[in-house]
Structure formats: C-alpha cells, structure tokens
Amino acid sequence: MTVEQLIEALQKMPNRAVVLFESDVGYSLVAGVNLETNDNGLPDEVILYPDMNE
C-alpha cells in the first residue's frame, strides 16, 4: 500500500476514529510515523510505530 492509497482509505473513515494496526499479539494504537528514505533504487518507506504505553 502506498501513502496515497492509505490516505484515500483513511479519508473514508470517521475523523474521530482511532487508528490501530493488527499484529500477532493483537491490536496496537499507532503512536507515530517515520519516513525511511532509500537511495538504492527501492521506494521510500513509511514506518508506523505502536504506542508502547498500552
């Protein structure tokens, strides 16, 4: 999924909804994002970070 695709999907959701992501251990709140740039021909990556205070 690209950033553009994620933004399009999120724009269809209620503004006050909480963003979660699912992993093997359950659901986690998204606490932040970071851009990892690649200069080796690979696309840049956006990393979602979980809230570690849950």
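The values are calculated or read from the model by the stated rules, or taken from the named source; none is laboratory data. Keep in mind the model is a prediction, meaning the values are calculated, not measured. A quick note on method: Cβ atoms are made from the backbone with ideal geometry, for glycine too, and the neighbour counts reach across all protein chains shown.
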Residues to consider are E45, E54; find the one that is acidic (D, E) and modelled with pLDDT of 95 or more.
E45
Quickly run through the range 19-42 and pick out the residues that are outside any strand (DSSP E or B) and surrounded by 10 or more Cβ atoms within 10 Å (Cβ to Cβ).
V19
Result of the Cβ filter at 6 Å on the range 1-21, keeping first residues that are more than 20 Å from D51 (Cα to Cα) and touching a residue at least 12 places away in the same chain (Cβ under 8 Å) and partners that are outside any helix (DSSP H, G or I) and of a type outside the set (S, T, Y), at least 6 apart or interchain, is V3/V46
